[in-house]
Amino acid sequence: MKTKDYNTELSSRLIDLDEAGEYLTACYNDSREVFLLGLRQVVDAHGGVSTLSNETKLNRESLYRLLSEGGNPQLSSLSAILDTIGLGLEFKPIGKKGKRARA
């Protein structure tokens, strides 16, 4: 039986934007560090940091730093990355947690 490399298989699946979106959601729900790792994997599947840097006009070294495990991307950088890949953020209720706004 022929085996497949996990990273190669994951990368080929993350090209599909629906798969990438579901993957990033699962990563985000796990932890900040896992989300940044997942985002880096999605970026790699869509051409890598150098390609992303050219398309977003963000500095390549800065992108490497913000996509690292200890990275801390600003919302504007995260939006630029996701827009370039073709993904967006989605907000939805998470149940009874949190306070409701009162008029």
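Bear in mind that the values in this text are calculations on the coordinates, not laboratory data. Everything numeric in this text was worked out from a predicted model, so none of it was measured. Every residue, glycine among them, receives a Cβ derived from its backbone with ideal geometry; neighbour counts consider all protein chains shown.
Could you please report the charge total around G71, scoring K, R as +1 and D, E as -1 over all other residues with beta-carbon less than 11 angstrom from its beta-carbon? Don't skip to the answer; put the middle values down first.
Values: positive: R32, R40, R65; negative: E33, E69.
Summing Lys and Arg as +1 and Asp and Glu as -1 gives +1.
Can you tell me the mean projection area, over all orientations, of the convex hull of the chain's alpha carbons? Units nm², please.
Working: hull surface 36.2 nm².
Value for the chain: 9.0 nm².
By the scheme Lys and Arg +1, Asp and Glu -1, what is the net charge of all other residues having a beta-carbon under 14 Å from that of G88? Walk me through the numbers on the way to the answer.
Working: positive: K92; negative: D18, E22, D83, E90.
In short, -3.
So if we plug the beta-carbon distance of R32 and E55 into 1/(1 + (r/R0)^6) with R0 = 22 Å, what FRET efficiency do we get, rounded to 0.05? Display every interim value, and only then the final one.
Working: r = 25 Å, r/R0 = 1.12.
Between R32 and E55 the formula returns 0.35.
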